[in-house]
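See structure below.
The values are calculated or read from the model by the stated rules, or taken from the named source; none is laboratory data. Since this is a predicted model, take the numbers as computed values, not measurements. All Cβ positions, even for glycine, are placed from backbone atoms using ideal geometry, and neighbour counts span all protein chains on display.
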Amino acid sequence: MLFTPGPTAVPPEVRKAMAEPQPNSAVQSEFADLYDRLCENLQQVYDTDHDVIVPGGEGILGLEAAIASLVAPGDRVLCISNGIYGDGFADFVADYDGEAELVSAAYDAGYDLDAIEDALAAAEEADEPFTLATLVHCETPTGTLNDLSPVLDLLDEYDVLSVVDAVSSLGGTPVPTDRIDVCLGASQKCFSAPPGLTTAAVSDRAWDAMEAREQTSLYTNLLPWRDTSDGFPYTHLDANVAALDVAVQRVLDEGIESVHDRHERAAEHCRQRGRELGLSIYSRRIAGVADSDGVPRARRGRTNPAARRGRPRYRAGDEPR
């Protein structure tokens, strides 16, 4: 049993799909049909009318590609963060010569709404508006689930595009996708499929913003995925697509609400057992604890490298706890 938020264990039927002979993504219509079905099924998981695309490359590619596709040199981007992945968006913005303004909160706390509103208001007053804002729904390393709705309200008020990392929440907890311009997921988390694919739900105004920018990349450019009727931008990962298709169908067969409820029940059971063992949850906000990713605080005396190896390591003089 794997106690990680991803890559997660892959069910036998998903592994079997990956091992089957696959149609050629470049020349056979059967693959196009498979891809189209996957995108349509993912719309149900996302619960959205937005276009859904599945580029090749694991979740980090999707995060970078969203920035590469939307940020031109000199664009101002509001990076809202309370964790490693929120901070990472600011690095991507800098990589593409954008200007990132980081609004940070403690890693075990929720977003600072007052600071976010202050940043938006100051940008408007200075006539230096933000092109877009980046957010993280679930910060994987901390298990903090951010309440996106009040932030999205502010972004709507100031007419700022939103890019959301929902990699470790999509499929395990509801995501307000229709309010998000680019909502990013990945195959290896709640879907229990092998790593290798990004999923993205993209709004019309996000597509329009991409069309208005000069695109300088192929692999990190989401725009060619808007219409794949004449072919894919590059050779697709056919076996990964087949595996994710089966994994997503498993979610739909169970029912997305049932899947969310199952995650909630399992998470609460794990939290309760943790409390019985004397383990506290990392996040200070009980309402902001992810059901798809539970993170307890490590006990004193157990080092991180030892935890990664799966065995305790105590300092001299410490008593095992």
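ILE80: under 15 Å from VAL163 (Cβ atoms) and in contact (Cβ under 8 Å) with a residue 12 or more places away in the chain, yes or no? For ILE80, the condition - under 15 Å from VAL163 (Cβ atoms) and in contact (Cβ under 8 Å) with a residue 12 or more places away in the chain - is met. Determine if the stretch 19-31 includes at least one residue that is surrounded by 21 or more Cβ atoms within 10 Å (Cβ to Cβ) and part of a helix (DSSP H, G or I). No, the stretch 19-31 has no match at all. The set of residues from the stretch 221-278 being basic (Lys, Arg) and either without any contact (Cβ under 8 Å) to a residue 40 or more places away in the chain or outside any loop (DSSP other than H, G, I, E, B) (or both) comprises ARG250, ARG262, ARG265, ARG271, ARG273, ARG275. Look at LEU155 and say whether it is at pLDDT 95 or above and crowded, with 21+ Cβ neighbours inside 10 Å. So LEU155 fits the description; yes.
Being surrounded by 15 or more Cβ atoms within 10 Å (Cβ to Cβ), among the hydroxyl-bearing types (Ser, Thr, Tyr) and assigned by TED's automatic domain parsing to the domain that holds LEU70: is that true of SER229 here? When the stated conditions are applied, SER229 does not pass them. When we screen ALA242, ALA186, ALA200, ALA166 for residues that are surrounded by 23 or more Cβ atoms within 10 Å (Cβ to Cβ) and touching a Ser or Thr at 6+ places or on another chain (Cβ under 7 Å), the only hit is ALA186. When LEU148, LEU120 are checked against the criterion of being of a type outside the set (D, E, K, R) and within 19 Å of the chain's Cα centre (by Cα), a single residue qualifies: LEU148. Just to be sure before I move on: is GLU214 under 21 Å from the mean Cα position of the chain (by Cα) and either under 25 Å from SER162 (Cβ atoms) or not in a strand (DSSP E or B) (or both) in the structure I sent? No: the conditions fail for GLU214. The condition (being closer than 29 Å to VAL259 by Cβ and not basic (Lys, Arg)) is satisfied by just one residue among PRO233, PRO150, PRO224: PRO150.
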